[in-house]
1. Remind me, relative contact order of the stretch 209-302 in percent, using alpha carbon pairs under 8 angstrom and six or more residues apart?
2. Taking all protein chains together and a probe of 1.4 Å, list Glu145, Glu6, Glu89 from the most accessible to the least accessible.
3. Helix-only estimate, please: 222 nm mean residue ellipticity of the chain, summing -39500 (n - 2.57) across DSSP H runs of length 4 or more and dividing by its residues, to the nearest 500.
4. Among Thr50, Thr286, what's the order by accessible area (1.4 angstrom probe), most exposed first?
5. For the pairs Lys26/Lys173; Lys16/Lys180; Lys26/Lys177; Lys26/Lys70, flag any whose C-alpha to C-alpha distance is greater than 24 Å.
6. At 1.4 Å probe size, with no ligands or nucleic acids counted, give the accessible surface of Ile183 in Å², nearest ten.
7. For the chain, modelled as a Gaussian network with Cα springs under 10 Å, which listed residue fluctuates most, Tyr197, Tyr28, Tyr283?
8. In what order, largest first, do Arg219, Arg81 sit by accessible area if the probe radius is 1.4 Å?
Amino acid sequence: MAQRNEVMEFLEHLEKERDVSPHTVKAYTRDLDAFTDFCDRHYGDWGWATIDRLGLRGFLGELQRRGLAKRSAARALSAVRSLYRYLQEHHGVPNTIVRAAKVPKLEKRLPTYLDRSQTQSLFDWAESRAGGDELGPTRDLAILELFYSTGIRLSELSGMNVEDLDLLSDQVKVRGKGRKERIVPVGSRAVLALRRYLNLREPVVARTRGDRRAIFLSRRGRRLAPRGIQRIIHGMFDAIGGDGLRVHSLRHTFATHMLDAGADLRAVQELLGHASLSTTQVYTHTSVERLKKVYNQAHPRA
């Protein structure tokens with residue numbers, strides 16, 4: 001069917017020309033498969049210009065009836081909108097109906113992050129394990145230090161190579177979403193932890209003929225995959241009773257603590273690699289909520 005061919009063409013355009021992340025391409029593939037299936041069932045013989053506002057509303061309603069979260073429905077609508085923009089540009093298909101569709105109203109969720117005492121407990125636990133010359137605990141502390149020192153994403157840390165790390169200048173080159181590169185400073189404690197780990201890493205690479213490019217390796221000398229790093233960090237959270245925390249909470253913690261200490265919002269935006277300032281502004285709400293809590297606990301007439 002011509003429509004499915006054009007969807008494949010669009011997804012290929014995202015992957016090869018726009019350099020969109022594999023996770024986004026995978027999610028858009030699922031969303032657009034669901035959309036074309038819906039159109040097949042409800043329109044029979046149809047084309048892109050056939051779809052009207054009621055049809056699009058029906059698709060979103062079906063997603064809701066299937067129990068899909070509002071956030072996922074919003075992403076599905078975003079996938080359809082992006083497809084129609086591509087079709088308008090490359091195939092002359094009108095885009096007015098999709099532009100008129102409203103995004104499902106999302107509940108505002110403040111990011112989970114560690115407070116100062118939790119952060120201290122986390123580092124105390126990781127440092128106590130990394131006191132000797134074992135690769136695993138030393139590597140795990142270096143991973144934790146790098147996450148908290150830079151606020152980088154899980155995929156960014158997993159994909160990092162030795163050549164990206166400059167411990168003389170205390171900085172690292174990070175490849176973010178859309179393969180955009182940015183330079184991020186690395187704190188002195190993270191630098192020390194990384195130096196200790198890299199000294200232990202060399203014999204492992206030599207013994208296993210392992211991956212010489214990847215910074216973080218398993219005991220077998222292979223690059224640590226995101227899932228392996230998740231297990232390491234979640235193990236640390238479990239050790240300090242950090243219920244509800246996940247790896248991304250370290251990124252939220254970095255941003256929140258930076259803003260609490262008076263960092264400029266645009267500087268934090270640049271460090272995090274956010275394309276839009278509005279994405280970074282969620283952390284100002286987190287800081288305000290924390291201040292309100294402190295105020296309510298401390299002020300006699302709060």
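The values are calculated or read from the model by the stated rules, or taken from the named source; none is laboratory data. All values reported here derive from a predicted model rather than from experimental measurement. Side chains are part of the model used for accessible areas, which takes the heavy atoms of the whole protein and leaves out ligands, DNA and RNA. Shrake-Rupley method; radii C 1.70, N 1.55, O 1.52, S 1.80 Å.
1. Details: 52 pairs, mean separation 13.6, N = 94.
Relative contact order for the stretch 209-302 comes out at 14 percent.
2. Working: Glu145 20, Glu6 40, Glu89 145 Å².
Reading off the accessible areas and sorting them downward yields Glu89, Glu6, Glu145.
3. Working: 14 runs with 189 residues, N = 302.
After summing the helix terms and dividing by the residues of the chain, the value is -20000 deg cm²/dmol.
4. On the way: Thr50 65, Thr286 5 Å².
Ranked from most to least accessible, the order is Thr50, Thr286.
5. Working: Lys26/Lys173 26 Å; Lys16/Lys180 15 Å; Lys26/Lys177 15 Å; Lys26/Lys70 19 Å.
Where the Cα-Cα span goes over 24 Å, the pairs concerned are Lys26/Lys173.
6. Spelled out: Ile183, probe radius 1.4 Å, area about 100 Å².
7. Per the Cα network of the chain with a 10 Å cutoff, Tyr28 tops the list.
8. Numbers: Arg219 140, Arg81 60 Å².
Correct descending sequence by accessible area is Arg219, Arg81.
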